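After the structure tokens below, expect a handful of questions from me.
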Amino acid sequence: MRFPGSGDQPGPITLNDSLASIELFGAEQLARHARHVAATHVIGEEVEGPELLPPKLREDEGLVQETCKLLSDALGRGLRLAPAAEWLLDNSYLIEEQVALARQHLPRGYSLELPRLSQGPRAGFPRVYDIAWELISHTDGRFDEDDLSRFIAAYQKVSVLRLGELWAIPIMVRLALINSVRHVAQRLGNNRRQQDRAAEWAKRFTLLAQEEPKKLIVALAELVTTGPSLTRSFATELTIRLQGQHPSLGLVLQWLEHELAEQGQSIEQILHSESQATASDQASISNSITGLRAISSVDWPKFVESQSAVDASLYNDPAGVYTQMDFHTRDAYRHIIEQLRKRCDRTEQQIADQIVALARQAADSNDDPRFSHVRYYLIDQGLNTLKDRIAY
């Protein structure tokens with residue numbers, strides 16, 4: 001055992017914070033990061049392995065539910081909860097609804113149809129999930145449609161997304177936000193457990209100080225040799241419960257202060273750090289829950305068309321008709337291009353460019369005006385001409 005001023009070797013207690021923080025980005029940094037992510041993504045057309053998103057969702061859901069039960073039990077015992085913990089409990093119904101929606105929009109086999117990463121920390125996951133995760137993690141769980149639009153636009157300056165990936169963005173953002181909630185819940189659960197352990201030790205120390213102060217040093221020796229790791233939450237809770245109590249408890253506080261000093265910390269710094277972490281968790285959980293509410297307010301069809309490289313090509317329809325069509329007709333044309341891509345070695349954008357090139361060639365040759373409309377090469381007899389051009 002080591003006490004302040006002794007020459008013994010330090011005990012097993014170390015100060016550690018389980019989750020490292022992720023750097024938060026502004027608009028320009030997000031755009032640069034999106035381009036970096038696109039440049040580092042490696043897509044495997046034949047990536048093997050099971051779907052990873054459904055079990056990931058179940059894992060996130062299970063941890064959030066476990067934490068909510070832990071916090072609810074603490075509340076039932078009359079214990080104080082951090083503001084973020086109150087946010088989590090108050091919105092647990094919303095999180096359950098969002099998990100149910102995510103499961104509904106994630107049918108079996110769906111994610112296997114999307115391009116998956118073959119390398120990196122999320123290898124095997126759809127790359128569009130990683131895109132959503134990178135955005136949400138670097139905005140502290142905040143979802144903003146403008147941020148999303150800029151992020152996707154910057155990503156596509158390096159690597160163009162398929163239509164199916166664009167349509168998958170809403171569910172991927174929802175999954176990323178649920179995962180963000182899970183990470184805050186994990187911290188809250190860990191903190192609650194550390195606080196409960198500290199409360200048990202504080203209760204024991206206080207009783208000994210009042211009834212058998214000579215045995216206090218024995219109990220402290222037990223904490224040093226067999227007690228839990230000296231995390232920030234444990235140290236904070238122990239300090240709060242012992243400060244200003246029985247004079248004999250100064251021995252425990254003196255030991256605690258010395259242990260922290262050995263690691264370049266002080267009790268005041270730990271209390272301040274815990275206060276900052278509490279505020280950070282509250283902001284994160286607030287951002288994530290607000291983001292989950294905001295997803296349903298986005299006009300996703302409009303978003304997809306604004307980001308689609310295929311649409312950007314077809315808007316150059318020489319006949320000028322494509323832009324005048326209703327959404328469902330345009331979407332039917334895009335779906336045909338998706339199907340064509342599966343049977344040739346061209347990208348969706350290249351197929352769209354070829355359609356426009358054929359239509360423009362017909363317009364320049366003063367052929368039948370029907371030939372100068374992109375529809376002719378997707379719905380009418382010109383489809384065979386297009387198939388020849390793209391080696392279908």
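I need the full set of residues from segment 251-276 which are in contact with a helix residue (DSSP H, G or I) (Cβ under 7 Å, 6 or more places away or on another chain) and assigned to a helix (DSSP H, G or I), in order please.
251, 252, 253, 255, 256, 257, 260, 267, 270, 271, 273, 274, listed by residue number.
For residue 217, work out the one condition from (1) open to solvent by less than 70 Å² (accessible area, probe 1.4 Å); (2) free of Cβ contacts under 8 Å to residues at least 60 places away in the same chain; (3) not acidic (Asp, Glu) it doesn't fulfil.
Residue 217 satisfies all of (1) open to solvent by less than 70 Å² (accessible area, probe 1.4 Å); (2) free of Cβ contacts under 8 Å to residues at least 60 places away in the same chain; (3) not acidic (Asp, Glu) except (1).
Can you pull out every residue in segment 185-222 that is within 18 Å of residue 243 (Cβ to Cβ), more than 37 Å from the chain's Cα centre (by Cα) and not small (Gly, Ala, Ser)?
Residues satisfying the conditions are 203, 204, 205, 206, 207, 208, 210, 213, 216, 220.
Read through the list (1) buried (at least 23 other Cβ atoms within 10 Å of the Cβ); (2) free of Cβ contacts under 8 Å to residues at least 24 places away in the same chain, then give the number of the only condition that residue 211 fails.
With (1) buried (at least 23 other Cβ atoms within 10 Å of the Cβ); (2) free of Cβ contacts under 8 Å to residues at least 24 places away in the same chain applied to residue 211, the lone miss is (1).
Shifting gears a bit: Please return the ranges of helices (runs of 4 or more DSSP H) entirely within segment 302-392 where 3 or more residues are open to solvent by 40 Å² or more (accessible area, probe 1.4 Å).
327-341, 348-364, 382-389
Given 150, 162, 142, which one is at pLDDT below 95 and open to solvent by 20 Å² or more (accessible area, probe 1.4 Å)?
Being at pLDDT below 95 and open to solvent by 20 Å² or more (accessible area, probe 1.4 Å) holds for just one of 150, 162, 142, which is 142.
While we're on this one: Within segment 292-301, how many residues turn out to be among the small types (Gly, Ala, Ser) and either without any contact (Cβ under 8 Å) to a residue 60 or more places away in the chain or crowded, with 22+ Cβ neighbours inside 10 Å (or both)?
The total comes to 2.
The values are calculated or read from the model by the stated rules, or taken from the named source; none is laboratory data. Worth saying up front: this structure is predicted, and the values here are computed from it rather than measured. Every residue, glycine as well, gets a Cβ built from its backbone with ideal geometry; the counts of neighbours run over all protein chains shown. The area values use the complete protein model at the heavy-atom level, side chains included, leaving out ligands, DNA and RNA. Shrake-Rupley method; radii C 1.70, N 1.55, O 1.52, S 1.80 Å.
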